[in-house]
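J.: Sharing a structure, written as structure tokens. Questions coming.
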Amino acid sequence: QVQLVESGGGLVQAGGSLRLSCAASKSIFNINLMGWYRQAPGKQRELVATISSGGSTNFADSVKGRFSISRDNAKNTVYLQMSSLKPEDTAVYYCMITSLLGGYWGQGTQVTVSS
């Protein structure tokens, strides 16, 4: 059973930066898409950013220009670099990986941005 382990969340002041990491516990073959979603209290889970196997990226409008996403295929790891953080970025951040065999989700990591 593949597990995704996230790290890097925490408490940061507005304007600060955090880097989230998500590593798969086992090798995943034929990875297609890797990415991050987030869910704030009382809100639905929403897309933050994705990166395809070819390196194409997609970002939510709310984070464009502030967040970047990257991946290390050899390590089955995806990263989310978050800069110029705002209080409205406060949420639980979930990583996800899709492959030909299915999709996987991490357990979530809390990001709290104080004003």
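J.: Within segment 8-115, considering only strands (runs of 3 or more DSSP E) that don't extend past its boundaries, which have at least 3 residues that are at pLDDT 95 or above?
T.: Correct list: 10-13, 18-24, 31-39, 46-52, 57-59, 67-72, 77-82, 91-99, 109-114.
J.: Those residues that are surrounded by fewer than 20 Cβ atoms within 10 Å (Cβ to Cβ), more than 18 Å from G9 (Cα to Cα) and in contact (Cβ under 8 Å) with a residue 12 or more places away in the chain, I need them from segment 27-42; list them, please.
T.: S27, F29, N30, N32, L33
J.: Follow-up question, since we're still on this one. Under 8 Å between Cβ atoms, at least 6 apart or on separate chains: pull out the pairs that start in segment 67-91 with a residue that is on the phi > 0 side of the Ramachandran plot and surrounded by fewer than 21 Cβ atoms within 10 Å (Cβ to Cβ) and end on any residue that is among the basic types (K, R) and in a strand (DSSP E or B).
T.: Nothing qualifies.
J.: Of the numbered conditions (1) under 22 Å from Q1 (Cα atoms); (2) in contact with a strand residue (DSSP E or B) (Cβ under 6 Å, 6 or more places away or on another chain); (3) open to solvent by less than 40 Å² (accessible area, probe 1.4 Å), G102 satisfies every one except a single condition; which is it?
T.: (2)
J.: Hey, can you tell me all the residues within segment 46-60 that are free of Cβ contacts under 8 Å to residues at least 12 places away in the same chain, of a type in the set (S, T, N, Q) and surrounded by 15 or more Cβ atoms within 10 Å (Cβ to Cβ)?
T.: none
J.: Please specify each residue of segment 1-24 satisfying the condition of being under 14 Å from V78 (Cβ atoms) and either hydrophobic (A, V, I, L, M, F, W, C) or more than 16 Å from the chain's Cα centre (by Cα) (or both).
T.: V2, L4, V5, L20, C22, A23, A24
The values are calculated or read from the model by the stated rules, or taken from the named source; none is laboratory data. Because the structure is a prediction, the values reported are computed rather than measured. Glycine gets a Cβ as well: all are built from the backbone with ideal geometry, and neighbour counts include every protein chain shown. Surface areas here come from the heavy atoms of the whole protein model, side chains and all, with no ligands, DNA or RNA. Shrake-Rupley method; radii C 1.70, N 1.55, O 1.52, S 1.80 Å.
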